[in-house]
Amino acid sequence: MEGTVRVKQLNESFVGRNNENLEAARNRLIRGNTYRDLSTVCIVATRGMIPAKVVSSWLSMATPMNQKFVRIFVEKMEVADAYNTGVEIVMNHPELSKWRFLLTIEEDNCPPQDGLLMLYESIDKFDAISGLYWVKGENGSAMCYGNPKVMPKDFVPQIPIPDTVMEVNGIGQGFALFKMDIFKRVQKPWFKTLQHYVPGQGMTAATQDLYFCMEAAKQGCRFAVDTRCRVGHWDQQNQTMW
């Protein structure tokens, strides 16, 4: 019976693809930060009903293997109060307060499967970093605010630069990763929703996330948006992902 026999060459390599290019494999691990402590508490501020499409994206999001990850839901509170309550729970907890990161996800944001892994890669030089998402609607702006090179600091929406890490003055909390120690550096309450008129000064308005960024900047904190991490912003009423 005829057949073909494959004879292994004596010089065939058995070291494996990663060992053959060890420097590239090392750089991949270093870039991903997976060898470090990536323990993360995720806080979700919710009105109580989260769309199935959004939950589906959360359940498919990868978290690092053999790393601590837990979610805390804060329900039916004004958004600034919800985040203050969630962070207070974490900072007063004997175990969670020792964890390294805090992640915020809002009830209408859909991160990519590898979104959190991207933020871990990018956060080293910054105190907090966000994925890229947009205000809902045809004319919605990108949620990346202010050019740090311009003084005095502003919070004008910036034009996102594709596939890079953009340093900005302010980020949204729809999908944002914070180093835990930032909450020890910034005075409480960490978050405030501002909308009031002061005679002689004019109108003061700020969402809770930009208020936090303004206060944190006084302590030298830095923020960025990773534009590789493209986060959908789900409009349940119109069934549209922005």
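Values quoted throughout were computed directly from the atomic coordinates according to the rules given, and no laboratory measurement underlies them. Predicted model, so just to flag it, every value in this text is computed and none were measured. Don't worry about glycine lacking a Cβ; one is built from the backbone with ideal geometry, like all the others, and counts go over all protein chains shown.
Listing for the model above:
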quantity	calculated
Whole-Hz couplings from phi, Karplus 6.51/-1.76/1.60, listed for the stretch 222-238; x for Gly and Pro	10, 10, 8, 10, 8, 7, 6, 8, 9, 9, x, 10, 7, 9, 5, 5, 9
Antiparallel bridges, percent of DSSP beta bridges restricted to the chain (to nearest 5)	60
GNM top mover of G170, G131, G16 - the chain, alpha-carbon springs below 10 Å	G16
The chain, relative contact order [Cα under 8 Å, separation at least 6], %	22
Fluctuation leader among V135, V165, V231 - the chain, Gaussian network, Cα springs under 10 angstrom	V135
Ordering of 143-150, 234-241, 208-215 by burial proxy (mean other Cβ atoms within 10 Å per residue, highest first)	208-215, 143-150, 234-241
Kirkwood-Stokes translational diffusion coefficient of the stretch 79-132, alpha-carbon pairs, 25 °C, 0.890 mPa s, µm²/s	191
Nitroxide proxy distance, nm - points 7 Å out along Cα→Cβ at T164 and Q113	2.9
Cα point-scatterer Debye curve for the stretch 156-197, base-10 log of I(q)/I(0) at q = 0.15, 0.22, 0.25 Å⁻¹	-0.59, -1.04, -1.15
Net charge of Cβ neighbours under 12 Å - reference L194; Lys, Arg +1; Asp, Glu -1	-1
Residue with peak Gaussian network fluctuation, the chain [Cα springs, cutoff 10 Å], from I123, I171, I30	I30
Alpha carbon Rg of the stretch 59-168, scaled by the compact-globule rule 2.2 N^0.38 Å	1.21
More than 33 Å apart - percent of Cα-Cα pairs taken over the stretch 22-241	13
